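Laboratory data are not the source of any read-out in this text; all were calculated from the coordinates shown. The structure displayed is predicted, hence computed values, not measured ones. Cβ sites come from the backbone with ideal geometry, for glycine too, and all protein chains shown count toward neighbours.
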Amino acid sequence: MKTVLETTNFDAGLIRKYDKQGPRYTSYPTAVQFNDSFDIPSYEQQVQLSNEELIPRPLSLYIHIPFCHELCYYCGCNKKVTQHPEQAIPYLRALYREIELQAQLFDHDRKVVQLHFGGGTPTYLTDLQLTELMAHLREHFNMPACDEHEWSIEIDPRTMDENRIDLLADLGFNRMSLGIQDFNPIVQKAVNRIQSPEQTEALMIRAREQGFQSISVDLIYGLPHQTVTSFNQTLDTVVAMRPDRLSIYNYAHLPELFRAQRLIKAEDLPTAETKLAMFGETIERLGAAGYRYIGMDHFALETDELCIAQDEGTLQRNFQGYSTMARCDLVGLGVSSIGQVGDCYSQNQKIIADYQNGLEKNQLPIARGLVMHDEDRLRRAVIQQVMCQDRLDFNDFSHKYHIHFRKHFAIELDLLKVQAADGLIKLADDYLEVTPRGRLLLRSIAMVFDQYLHHSGNTTRFSKVI
Ligand code: SF4
């Protein structure tokens with residue numbers, strides 16, 4: 001069993017050197033490359049091709065619920081804050097129509113083995129709305145009733161009590177992620193998100209009693225008034241609850257891009273040095289507590305499916321971060337959702353009114369996307385391998401993709417000599433291996449293989465490591 005301490009090597013100097021803006025590679029090509037020449041017929045054609053594969057892939061559904069009761073000031077998500085639950089009614093009507101239209105495209109024998117409700121706040125919906133939505137999905141997609149599936153939901157503990165956990169279990173959910181961010185009352189007040197450890201823990205306990213198999217929590221470092229000591233306290237409180245996974249994100253303060261963040265005073269934010277120290281402490285504490293560093297922001301207990309998938313080579317990076325079940329087609333449902341079917345990425349309309357208007361005319365709300373070409377597929381495979389497996393065997397890769405790896409990526413291998421000299425990777429004749437030191441800087445290695453970044457050189461729209 002390898003813990004964080006064994007698989008990473010925290011080197012503050014190197015992190016500073018490689019702390020450049022860059023994509024998080026939840027897709028390759030990244031969403032920046034999506035364009036509106038990809039339209040509804042393009043999508044329909046790609047789905048048809050996926051149905052005709054020799055062994056069609058099972059399906060993974062992502063459902064976006066964009067509503068929230070209150071505004072968290074750090075938020076950069078696509079959401080609508082409203083105290084009027086009736087605003088969800090026309091949205092759900094449109095979502096139902098989209099479910100019907102999408103389900104008609106896919107052969108019905110393609111099972112839904114993975115389902116994720118994200119937001120916004122999926123638990124903004126009432127019990128009745130959640131029940132009806134699940135019934136609608138079951139009516140139109142092939143959704144197995146037994147334990148063959150991974151159905152997960154993002155939970156805002158402020159919208160929940162233990163009875164609602166029972167409801168989610170009855171609806172078939174067996175995985176959940178809980179938004180926490182920080183338990184310190186001063187930090188919570190500064191970001192307008194007040195929730196107690198007791199309230200959160202009670203939900204986790206009930207979820208375990210109900211047989212939820214993987215419980216994940218989200219934390220953020222770099223929030224206003226956080227200190228190394230205060231964040232350590234939050235970490236200790238969370239670790240004592242023993243979630244199966246933790247996602248620990250770096251807060252990027254971009255008030256010019258995200259209006260909500262204008263409510264955070266820049267002078268209340270911790271310095272880059274303090275954030276670096278928090279990051280270092282996080283690595284150390286989670287390592288000591290038996291968590292494995294999976295890759296960018298994600299930690300998991302050895303018993304969790306993410307670790308098992310990483311060991312078995314089936315881990316993938318997608319729009320939810322790291323995920324299991326790499327061999328699925330992902331159907332994005334709801335405003336702004338992104339799908340990945342066969343060789344294409346597609347994204348829905350980002351504005352709720354546009355999303356609803358299209359569906360009122362019985363049109364799929366697809367706004368943009370792209371069809372990957374051969375070079376994209378190749379580079380996507382390299383980046384996935386670096387981000388998920390930390391190792392790339394050139395001969396295996398050459399054999400699988402019918403190329404000569406060293407010749408095809410001669411420029412990239414040359415560029416990587418700098419990372420090799422800095423000890424981020426081991427670069428041998430026939431393989432590349434990410435070292436414990438490089439594991440905290442995965443995206444700087446992946447960026448070398450990003451052809452679009454080479455051409456544009458523009459990274460300003462992306463976040464930094466710290
Ligand atoms: S952080 Fe989550 S709960 Fe808070 S406003 Fe954003 S989407 Fe809503």
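Restriction of the trypsin sites (Lys or Arg not before Pro) in the range 337-409 to DSSP coil positions whose beta-carbon has at most 12 other beta-carbons within 10 angstrom yields 361.
How about the range 286-349: which trypsin sites (Lys or Arg not before Pro) there are in a DSSP loop, with at most 12 other Cβ atoms within 10 Å of their Cβ? Spell out each step's value before the answer.
On the way: sites: 292, 317, 327; in loops: 327.
The qualifying sites are 327.
Neighbours of residue 52 by Cβ distance under 15 Å: Lys/Arg scored +1, Asp/Glu scored -1, total -4.
Taking K and R as +1 and D and E as -1, what net charge do the other residues with C-beta under 13 Å from the C-beta of residue 415 add up to? Once all neighbours under 13 Å are counted, the net charge is -3.
Computed log10 I(q)/I(0) for the chain at 0.11, 0.12 Å⁻¹: -0.93, -1.13, from the Debye equation with unit scatterers placed on every C-alpha and solvent omitted. The per residue volume of the convex hull around the alpha-carbon atoms of the range 317-388 is 94 Å³.
Restricting the range 191-261 to GluC sites (Glu not before Pro) that sit in a DSSP loop and have at most 14 other Cβ atoms within 10 Å of their own Cβ leaves 256.
How much net charge surrounds residue 202 when only other residues with a Cβ under 10 Å from its Cβ are counted (Lys, Arg +1; Asp, Glu -1)? Intermediate results must be reported in sequence, preceding the final value.
Working: positive: 206; negative: 161, 162, 198, 201.
Net charge in that neighbourhood comes out at -3.
When the C-alpha to C-alpha distance is required to be over 29 Å, the pairs from 189/275; 80/361; 275/350 that qualify are 275/350.
How much of the DSSP bridge set in the range 30-333 is antiparallel, in percent, rounded to the nearest 5? If you can, show how the numbers build up before the last one.
Values: 10 of 45 bridges.
For the range 30-333, the DSSP antiparallel bridge percentage is about 20.
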